[in-house]
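Below is one structure; the comments refer to it alone.
Bear in mind that the values in this text are calculations on the coordinates, not laboratory data. Quick caveat: nothing in here was measured; it's all calculated off a predicted structure.
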Ligand code: CIZ
């Protein structure tokens, strides 16, 4: 009979921790990890956060190498904002299905239909699509970015759920939405939320704006991962049902030891985010793979859309 050897697992983990620490020094590397990464990755990260916080952190880092534990569009962003640093994505297959729901050609056609509109592009998009846009946004700042636009008509790409949420919060602008969505957030149904609420009647339900409309309507609070983290810290409630990818439970638990967190479904897992493991991170630092670069003709334009977003947000501080 096969017996799982937990002692071996622990020893292997300790070995990888040592190896990663040595390689970090050797390479002069910093490890950035998205809030949706595995716990084992968040444990060794120098900086954890959402895509906005990590993009800013990447520009402030003094290290030569940035190991970006997230998905491709995030590493591309870091590479464009830091052309003098080497950006590594430990697993090259870590993509984002939402980012693949829009192409440059289709966006160009939409722009032709609405020549007076500005394009606001959610960061979950390729560098090429960013290059075709006027400004980027993340889920933590989408409302503020759209409000800050001088144009009254906005083509918002590619997440329709986030777009609809922004539309509700910026009623004086006309938003033209794209038909894209996050496959992970779309998995959560109203029935699952209602069941979880029945099971945990004292818990508040917190949802990410990438969720379906009917799910958001059940929420006590709607916000990005950064927003949810802030909300929970400031809330007097003791129990929460979390309507976003399960990686966020790690930071929520770290920040709020006395509070309880429940997932409304076991399916709330982004397979791409979970591809990165300690072993792949160690290999990435050891073999310097996979180096993420963006062709300069695209990077020149895409960088501007990211920098504009950072400038708008920094000016508000
Ligand atoms: O912007 C991000 O990092 C994503 C994808 C989600 C969130 O709310 O942090």
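What the table below lists for this structure:
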item	result
Contact order relative to length of the chain, as percent, for alpha carbon pairs under 8 angstrom and 6 or more apart	23
Geometric extent, Cα atoms of the chain - Rg, Dmax (angstrom)	19.9, 68
Value in Å of the Kirkwood radius, where the range 214-307 supplies the Cα pairs that are averaged	16.6
Computed P(r) (all Cα pairs; the range 1-81; 10 Å bins; percent)	17, 44, 25, 10, 3, 0
Calculated on alpha-carbon atoms, Rg and Dmax of the range 188-267 in Å	11.2, 31
The chain - mean residue ellipticity at 222 nm from DSSP helices (-39,500 (n - 2.57) per run, n ≥ 4, rounded to 500)	-13500 deg cm²/dmol
Between the range 13-75 and the range 99-127, the Cα center-to-center distance that results, in Å	30
Gap separating the Cα centres of the range 153-217 and the range 224-256, nearest whole Å	17
